[in-house]
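Here the structure comes first, spelled out in structure tokens, and everything after it is commentary.
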Amino acid sequence: MKRGLVPTAVSEETRADCAARVERLRSHLLEAGCDAALIYGDVSRAEDIYYLGNLCLFWNEGVLVVPARGEAAFATKLSQRSQPWMRAAGTIDAVRSGPNLPRLIGQVLADAGTPARRVGLVDRDWWPCAVLDTLDESLPETEFVDLGDVVRRDRVVPDERELEALRRLGRVAAEATNAAVGLEGTPGERIAAIERIARSAGMTDVFATAESAADRSVTVTATLQLQHLWLRVGRSIGGPLADHAAAESARVASALRDGASDATLAAALSADAPGDVTLSAEAVRHVDVAAADRSERTNGDASLRRDEVVVVTVTAAQDGGRASHTDTYLLREHSAELLSGVA
Amino acid sequence: MNATVSGGVPDTELSWRQERLRAAMLEAELDGLLAYAPAWRRENVRYLTGAPITGEFAFAYLPATGEPAAFFSSERDTRAAAATALVSDRHTIRFDDVAPLRDRIAADRVGRLGVAHAEMLPAGLRDRLADAVAHLELCSATALMDAVRLVKSDWEIERLRAAAALCDEGWRVFVETLRVGVAEYEVVAEVEAALKARGAEDNFMLIASGRDEVRGMTPPSERRLQPGDLVRTELTPQLNGYWTQICRTAVIGTPSDEQRASFELFEEATAAGLAALRAGVTAHDVAAAENDVFRRHGYGEYCTSRHTRVRGHGHGLHFDEVPIMEGVETVLEANAVVVVHPNTFTPLAGYQVLGDPVAVRDGGCEPLVRSPRELTEVPA
């Protein structure tokens, strides 16, 4: 659930950014021969909608309707009472509320005068069956096609304003993680330190964990959201494996660059880890980081490219003990810029 | 959300849950029950596994006879389920490879399978399960699990009491934080920190500040509190898996006559709802008792969907369980836990919230929070 700051005014820059993103999606629609795109989101998965319309889906579900021509509209299960702040906080003026999303989508397309002969579903695999199955009933003449992760792909390389926001996220995440790591307290108190700092700094959402391992180490992780952007930092403290994870993280960071792959990161790890310590490294693009663990989406993807932002977690495990070191980087051609500088 | 794992669910509790579920499955002629958990609705999988999961999706499977199984999208969740040890057959699966789940269903030769939250199952997962379920009769088991989970065990109510104590603490911190000039999101930051420091896993929280122009609850904004504001919150911490909600309103400064009148109206409605609540009444009965107060005072139109949603709702492993609304004939049995809140807009003082969580008992209900229902005044 979102409980962070949702500003009730939209800057001109944000309005222009969202308009440009919608136009880019429209160009994808034309290429695919579609009359409209439908983007489904729920409270746990709505970054595409935030990206296109600056809309924070703080609870429940909704579908952003982007016609190839005409105004975009948002259909949501949130009540009509939510509409004033949604219009104020987002760039989508047309908001429709009701319990039946497919019916709302049909109404939105009809209102827009869109023919809807062929409609693209963004990330069709993640659409809930109940919504997908009843779309046919609301739009019986329509052919639905899967547009895949077309919006996610547009988000992979951040623009300058997004980078600025990611750097801000990094600074807040570092401050919050330093505070959590530096205090003596319960896991809950460490989490509280992250919550207080990050939410007071105006983050959209905060997910903090403090996990104890069998070797008495504690791993603190801060996953922060600002607008549609996510960033993660994590540190282990108090166990023999924590130093291993930190040292190996430095080795992996030095291998980050344009073209790096899972194999590149694995090769950067020490080949002569002591005893039976098991080392692993995982890179996840920032667009696949969220409240829920989505790391699996990136695995198997093509190599990382310059200007992408990645969250890298290096883990050292031994006899039930486990330590990890997580940072977020901007990839350059021959190196990587650390966005989340924890002391 | 945090990862401090709560104490395990005792074997007796697990047996009680499985017996109730299997009795309901027998009545529904189900050979198997598959609970699906998307990232925002994990209650059914948690009920079966006890695991505080954080991954993108998960399944829990309970056959009519035999051992249950669980399937998680992240290794972390599989480890969390291992820690609770309620389900010994555990697997980590991927969105594009659900073979362990398919194999288990096939091995059990299930004929009729009920799926809880079937309506939320992503199309891609359904496609990948298609081979395994092609020969099955599939049906939704969402209502079945909702009905079973509606009635809590004494063990569960003990946990809901603990969550309710956090409600009291959260409200105390909320009031302490209120002052002229503080922004809504800064209030939330302090409350979140206080709740997490005391072990809360999560918190569902809405806030709205301002005067009679406020029409509903919102996420926290940059708005800074002003003298004369009503500051409303629905505060819903989750502790050891269980959610409990308190609804309160404070005023910055001395309340106006309209604000006092508004509070008295809401207090009368809340009290009426609580007085109507006892084992055997329906959700409709409770909602009607609350709404009758509004109707009697000439504010009946503000009980409609134009201005409000529900007059309360169930609590448990999800914070928004059975809706308390006129027309909902669900019987509230003993050991159901609900919050009674007549939250709505009126022209008296704008949107107002007031409500208490309670456990339903044979002759009435047991309050779970101690915070007095009053219009709390904060110095301007």
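Throughout, read-outs are computed from the coordinates displayed, never taken from laboratory work. As the structure is a prediction and not an experimental result, all values here were calculated from the model. Because the Cβ atoms are built from the backbone with ideal geometry, glycine has one as well, and the counts that use them run over all protein chains shown.
Please build a GNM for chain B, connecting alpha carbons under 10 Å apart, and tell me which residue among B:ALA162, B:ALA23, B:ALA51 fluctuates the most.
Most flexible of the set in this elastic network: B:ALA23.
Pull up all non-local amide H partners of B:ALA336: gap of 5 or more, or a different chain, and H-to-H distance under 5 Å with H placed in the peptide plane.
Counting only residues 5 or more places away or on other chains, the set is B:LYS152, B:VAL360.
If you line up the long axis of helix B:11-27 against the longest principal axis of chain B, both from Cα atoms, how many degrees apart are they, to the nearest 10?
80 degrees
Under a plain spin-label model, where a point goes 7 Å from the Cα along Cα-to-Cβ, how far apart in nm are B:ALA107 and A:GLU164?
5.7 nm
Given a Förster distance of 45 Å, report the FRET efficiency between B:GLU29 and B:ALA275 from their Cβ-Cβ distance, rounded to the nearest 0.05.
The calculated FRET efficiency here is 0.65.
May I ask you to sort B:CYS139, B:CYS167, B:CYS365, A:CYS18 by Cβ crowding, counting other Cβ atoms within 10 Å and putting the fewest first?
Working: B:CYS139 15, B:CYS167 28, B:CYS365 25, A:CYS18 21.
Ascending Cβ contact count within 10 Å gives the list B:CYS139, A:CYS18, B:CYS365, B:CYS167.
To the nearest 20 Debye, how big is the dipole of the protein assembly as shown about its Cα centre, given +1 on the beta carbon of each Lys and Arg and -1 on that of each Asp and Glu?
760 debye
Taking GluC sites (Glu not before Pro) that fall in a DSSP loop and have at most 12 other Cβ atoms within 10 Å as cut points, what is the longest piece of chain B between them?
It works out to B:30-212.
Identify, among B:ALA64, A:LEU339, B:GLN245, the residue whose Cα sits farthest towards the positive end of the charge dipole of the protein assembly as shown, taking +1 on the Cβ of Lys and Arg and -1 on the Cβ of Asp and Glu, with the dipole about the Cα centre.
A:LEU339
For A:GLU211, A:GLU13, A:GLU248, which order do you get if you count the other beta carbons within 10 Å of each Cβ and list the fewest first?
Final ranking by Cβ density, sparse to dense: A:GLU13, A:GLU211, A:GLU248.
Nearest 5 percent is fine: what portion of the DSSP beta bridges confined to the protein assembly as shown is antiparallel?
Expressed as a percentage, antiparallel bridges in the protein assembly as shown total about 80.
Figure the gain on full extension for B:THR304 and B:ASP257 (residue separation times 0.36 nm, minus the Cα-Cα span) and round it to one decimal in nm.
Between B:THR304 and B:ASP257, full extension yields 14.4 nm more.
Shielding by partners for A:80-86, please: the mean number of other protein chain Cβ atoms within 10 Å of each residue's Cβ.
Mean inter-chain Cβ contacts per residue within 10 Å come to 5.
Given contacts defined as C-alpha pairs under 8 Å and at least six residues apart, what's the relative contact order of chain A, whole-number percent?
Reported relative contact order: 14 percent.
Per DSSP helix of 4 or more residues, -39500 (n - 2.57); summed, then divided by the residues of the protein assembly as shown. What does that give at 222 nm, rounded to the nearest 500?
Result for the protein assembly as shown: -11500 deg cm²/dmol, rounded to the nearest 500.
Write out the trypsin sites (Lys or Arg not before Pro) in the stretch A:1-82 meeting two conditions: DSSP loop, and at most 14 other Cβ atoms within 10 Å of their Cβ.
When the trypsin sites (Lys or Arg not before Pro) of the stretch A:1-82 are filtered for loop state and at most 14 Cβ neighbours within 10 Å, A:ARG69 remain.
Taking only the alpha-carbon atoms of chain B, what semi-axes of the equivalent ellipsoid follow from 5 times the gyration tensor eigenvalues under a square root, in whole Å, largest first?
Listed largest to smallest, the semi-axes of chain B are 40, 23, 18 Å.
Could you tell me the relative contact order of the stretch B:102-164? Use alpha-carbon pairs under 8 Å, at least six residues apart, and round to a whole percent.
Computed value for the stretch B:102-164: 41 percent relative contact order.
Enumerate the lysines that A:LYS77 could reach by cross-link, defined here as Cα to Cα under 21 Å, with residues fewer than 8 away along the same chain left out.
Hits, sequence-local ones excluded: A:LYS2.
Once every Cα of the protein assembly as shown carries one equal point scatterer and solvent is ignored, give the base-10 log of I(q)/I(0) from the Debye formula at q = 0.12 Å⁻¹, two decimals.
Values, matching the q order: -1.55.
Once the Cα atoms of the stretch A:225-278 are picked out, what are the Rg and Dmax in Å?
13.9, 44
Compute the relative contact order of chain B as a whole-number percentage, counting only Cα pairs closer than 8 Å that sit 6 or more residues apart in sequence. Intermediate results must be reported in sequence, preceding the final value.
On the way: 861 pairs, mean separation 56.6, N = 380.
Averaging sequence separation for qualifying contacts and normalising by length gives 15 percent for chain B.
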